[in-house]
Amino acid sequence: MTAYNKVNGVHVSESKAILQGILRNEWKWDGCTMSDWYGTYSTKDSLDAGLNLEMPGPTRFRQVLQTVHQVQANLIHPKVIDDNVRQVLKLINQGLKAGIPADVIESPNNSPESSKTLRKVGDESIVLLKNEESILPLSKTAKETIAVIGPNAKASQDSGGGSASLTARYKTTPYGGIEEKVKEGNNSIKLEYALGAFLDKNVPDSAAILESESGKKGLITARFYHTAPGTPDRKPFDELSLNTTRIFLNDFKSDNLSLEQLLYYADFSGYFTPEESSEYEFGCSTFGSAQVFVDGKLVVDNKTKQVKGDAFFLAMGTREERGSIYLEKGKKYLVKVEFGTSPTYTLANGSQEPGGVYFGVRIKSSPEDELAKAVKVAKSADKVVLVVGLSKEWESEGFDRPDMDIPGYTNKLVEEVAKVNPNIIVVNQSGSPVTLPWVDKTKALVHAWYGGNELGNTIADVLFGDYNPSGKLSVSFPKRLEDNPSFVNFGSNKGQVWYGEDVFVGYRFYEKVGREVLFPFGFGLSYTSFDFKNLKVDTTEDSLVVKVDVTNTGKVDGAEAVQLYIEQANPSINRPVKELKDFEKVFLKAGETKTVELEVSIKEATSYWNSFVNQWQSDKDTYKVLVGNSSDNILVKDEFTTKKTFTWSGL
């Protein structure tokens, strides 16, 4: 799949140098190439470059009329068409081998084995960043009160947004995982909960608290029409039950709707029964037009007056509009959204997608009220587990985060809780670094990423010691946004992007300039300790073999990641201080020793890109072998020398 951007002034989807020269000739790729969604910008240039497939359909640049005309005018050679079609047919033939019927209905993989694998992967990915006074692991049988607080405590932040997101067959939450551990300890721990702070950029998906017209909880009813709301004798042409209120219709198909038809309408409805009498807030964003009604009363209007926002793919939609209404406990209310597809959108729109609508409902509350409730709960607890971070709304595609901060009142929440309870354990969920201004006020910090289906159970596994954490940071955590190597040159300036940081990204930059980070690349603690000894380095003309003895010197079984870095003694160009070349995780019982062996080719261990000759280059020199358990903790060292300088290309 080709990227959206240009490289050296040429779009990747039109670059013969990349698609033919590098991908096919140098790397010997013989598969299909496709554009990223809407990443095709021409007819002739992309076909000539070897972009086999324009995505998504229907085509915008390869319609029959314009393509045939350019072939007939000898602008596009018939062989170019054949070559591109041949690769698409190869892809189709490969797909047919899977034996999946056309238009098959998706079904979940309900095997226990898949859940077990998901939990194992999740356990191994969690990173323990801080553990003062060995506050972790928690005891399941302690007679104490634990307050579980935070916007992610009862949320399932299973993935990032956009193309990273999918419909999970089941989800778990950190609170749910902790609750299960408490049950295993015969409920000697008393759990308390408070939200503490809002995280949602928009009112959250509310399907779970709605029920369909047939009375099924967690579903809403969708009816599709050819005519607009209010049309006499209006009849639906299709009807579905949906398990989400975040609806994007790019994959919607109906026998009563032509493939090219973009204009149609839909009513999405469900019943909501409040658990308490209060003011409730409804939100709605759309790529199209939408209005939200509660028992026939208009509560949100995102149809007659629309404001551009960042909703939907590549921020094509509106901002979220909100409205509130007082609802009584136990009374059933009909929530209905009247939606029109993208042709009804009143803002600039060059897309051929049908669009969609996001809507939801939640009890109306102020950030100050939620903060006060959380502080009260934390004050009476023995320990506090704060589950904070980001979500798929804040980490997605089509936009960049404006800063590294956790949005909303989260930072204030941690600060205020720290004033009333010293025993704070923070679990952060994010796919990238965030600023942690309160880190010195917490006893423990766990980085849990977005843990998939089993995230709640894996977080609880680590907190209660059923799994000894062994994850390592795959990125450096800088102290502040301004410390990032790309801070000055990040972003597009009138269509031009300068990658001024060059290869000095992450730890390569911080080590080069001697800048201290909050947590370094490759870092991660354990409930046990390890020792590295007896480093041995052997080389041939083609390979580097490194062996080291690793001992678990603690009292708990655990795993450690052995990391191999290489440093050139006398570089002829400006290179990073050292670079990671290989790593391996080894599991050791308490007191056990194992020899870990890492093997890397000499060319991959020593080479840098020489742009003058347009090849990789390995210099004759002495190279230091640095082995440790993070980029800033090298435990054993040795060196080797190479006998010649050479260049190479390929894989």
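Within the stretch 593-609, the residues that satisfy the criterion of being surrounded by 13 or more Cβ atoms within 10 Å (Cβ to Cβ) and farther than 19 Å from residue 542 by Cα are 593, 594, 596. Checking 632, 557, 549 one by one, the residue that is in contact with a strand residue (DSSP E or B) (Cβ under 8 Å, 6 or more places away or on another chain) and closer than 29 Å to residue 518 by Cα is 557 and no other.
Does residue 48 qualify as being more than 24 Å from residue 615 (Cβ to Cβ), in contact with a Lys or Arg (Cβ under 8 Å, 6 or more places away or on another chain) and among the charged types (D, E, K, R)? Write out each step before concluding.
Working: more than 24 Å from residue 615 (Cβ to Cβ): yes; in contact with a Lys or Arg (Cβ under 8 Å, 6 or more places away or on another chain): yes; among the charged types (D, E, K, R): yes.
Criteria met by residue 48.
For the stretch 343-360, the candidate set comprises residues that are touching a strand residue (DSSP E or B) at 6+ places or on another chain (Cβ under 6 Å) and within 17 Å of residue 254 (Cβ to Cβ); within that set, the residue that is surrounded by the most Cβ atoms within 10 Å (Cβ to Cβ) is 355.
The set of residues from the stretch 279-312 being surrounded by fewer than 18 Cβ atoms within 10 Å (Cβ to Cβ), in contact with a strand residue (DSSP E or B) (Cβ under 7 Å, 6 or more places away or on another chain) and at positive phi comprises just one member, 295.
Per the listing 123, 158, 103, the residue uniquely under 28 Å from residue 522 (Cβ atoms) and out of contact with any Asp or Glu (no Cβ under 7 Å at 6 or more places or on another chain) is 158. Residues in the stretch 415-436: is at least one in a loop (DSSP other than H, G, I, E, B) and closer than 18 Å to residue 155 by Cα? Yes: one or more hits.
The residue of the stretch 450-469 that is nearest to residue 170 (Cα to Cα), among those that are in a loop (DSSP other than H, G, I, E, B) and out of contact with any helix residue (DSSP H, G or I) (no Cβ under 6 Å at 6 or more places or on another chain), is 450. Within the set 368, 338, the sole residue that is out of contact with any helix residue (DSSP H, G or I) (no Cβ under 9 Å at 6 or more places or on another chain), among the acidic types (Asp, Glu) and outside any helix (DSSP H, G or I) turns out to be 338. How many residues are within 20 Å of residue 204 (Cα to Cα) and in contact with a Ser or Thr (Cβ under 9 Å, 6 or more places away or on another chain) if we restrict to the stretch 392-407? The total comes to 7. Of the residues making up the stretch 402-413, just one is crowded, with 17+ Cβ neighbours inside 10 Å, in contact with a helix residue (DSSP H, G or I) (Cβ under 7 Å, 6 or more places away or on another chain) and part of a helix (DSSP H, G or I), namely 413.
Scanning the stretch 486-530 for residues that are touching a strand residue (DSSP E or B) at 6+ places or on another chain (Cβ under 6 Å) and either exposed (fewer than 13 other Cβ atoms within 10 Å of the Cβ) or more than 28 Å from residue 437 (Cα to Cα) (or both) yields one hit, 530.
Determine, yes or no, whether residue 333 is in the same structural domain as residue 289 (by TED's automatic domain parsing) and either within 29 Å of the chain's Cα centre (by Cα) or among the polar types (S, T, N, Q) (or both).
On the way: in the same structural domain as residue 289 (by TED's automatic domain parsing): yes; either within 29 Å of the chain's Cα centre (by Cα) or among the polar types (S, T, N, Q) (or both): no.
Judged against the criteria, residue 333 is not a match.
Scanning the stretch 3-20 turns up no residue that is in a loop (DSSP other than H, G, I, E, B), within 24 Å of residue 315 (Cα to Cα) and among the basic types (Lys, Arg). In the set (1) assigned by TED's automatic domain parsing to the domain that holds residue 338; (2) surrounded by 14 or more Cβ atoms within 10 Å (Cβ to Cβ), the condition left unmet by residue 192 is number (1).
Output the residues belonging to the stretch 531-557 that are surrounded by fewer than 20 Cβ atoms within 10 Å (Cβ to Cβ) and within 26 Å of residue 130 (Cβ to Cβ). Walk me through how you get there before you give the answer.
Residues of the stretch 531-557 surrounded by fewer than 20 Cβ atoms within 10 Å (Cβ to Cβ): 531-543, 545, 547, 549, 551, 553-557.
531, 532, 551, 553, 554, 555, 556, 557, listed by residue number.
Evaluate the following for residue 303: is it assigned by TED's automatic domain parsing to the domain that holds residue 212 and under 27 Å from the mean Cα position of the chain (by Cα)? Judged against the criteria, residue 303 is not a match.
Would you be able to say whether some residue in the stretch 319-330 is in contact with a helix residue (DSSP H, G or I) (Cβ under 9 Å, 6 or more places away or on another chain) and either buried (at least 20 other Cβ atoms within 10 Å of the Cβ) or in contact (Cβ under 8 Å) with a residue 12 or more places away in the chain (or both)? No, the stretch 319-330 contains no residue that is in contact with a helix residue (DSSP H, G or I) (Cβ under 9 Å, 6 or more places away or on another chain) and either buried (at least 20 other Cβ atoms within 10 Å of the Cβ) or in contact (Cβ under 8 Å) with a residue 12 or more places away in the chain (or both).
Selection within the stretch 218-259: residues that are part of a strand (DSSP E or B) and of a type in the set (Val, Ile, Thr). The member of this set that is surrounded by the most Cβ atoms within 10 Å (Cβ to Cβ) is 220.
Just to check your reading of the model, which residue among 479, 512, 533 is more than 21 Å from residue 123 (Cβ to Cβ), of a type outside the set (Gly, Ala, Ser) and in a loop (DSSP other than H, G, I, E, B)?
Numbers: 512 fails: in a loop (DSSP other than H, G, I, E, B); 533 fails: in a loop (DSSP other than H, G, I, E, B).
The match here is 479.
Number of residues in the stretch 6-20 that are modelled with pLDDT of 95 or more and surrounded by fewer than 18 Cβ atoms within 10 Å (Cβ to Cβ): the value is 4. With the condition kept exactly as written, say whether any residue in the stretch 56-73 is in contact with a Ser or Thr (Cβ under 9 Å, 6 or more places away or on another chain), assigned to a loop (DSSP other than H, G, I, E, B) and small (Gly, Ala, Ser). Scanning the stretch 56-73, I find no residue that is in contact with a Ser or Thr (Cβ under 9 Å, 6 or more places away or on another chain), assigned to a loop (DSSP other than H, G, I, E, B) and small (Gly, Ala, Ser), so the answer is no.
Somewhere in the stretch 92-114, is a residue of a type in the set (Val, Ile, Thr), part of a helix (DSSP H, G or I) and in contact (Cβ under 8 Å) with a residue 60 or more places away in the chain? Reasoning before the result, please.
Filtering the stretch 92-114 down to residues of a type in the set (Val, Ile, Thr) leaves 92, 100, 104-105.
Now restrict to residues that are part of a helix (DSSP H, G or I): 92.
Remaining after also requiring in contact (Cβ under 8 Å) with a residue 60 or more places away in the chain: none.
No, every residue in the stretch 92-114 fails to be of a type in the set (Val, Ile, Thr), part of a helix (DSSP H, G or I) and in contact (Cβ under 8 Å) with a residue 60 or more places away in the chain.
The values are calculated or read from the model by the stated rules, or taken from the named source; none is laboratory data. Fair warning: this is a prediction, and the values are worked out from it, not measured in the lab. Glycine gets a Cβ as well: all are built from the backbone with ideal geometry, and neighbour counts include every protein chain shown.
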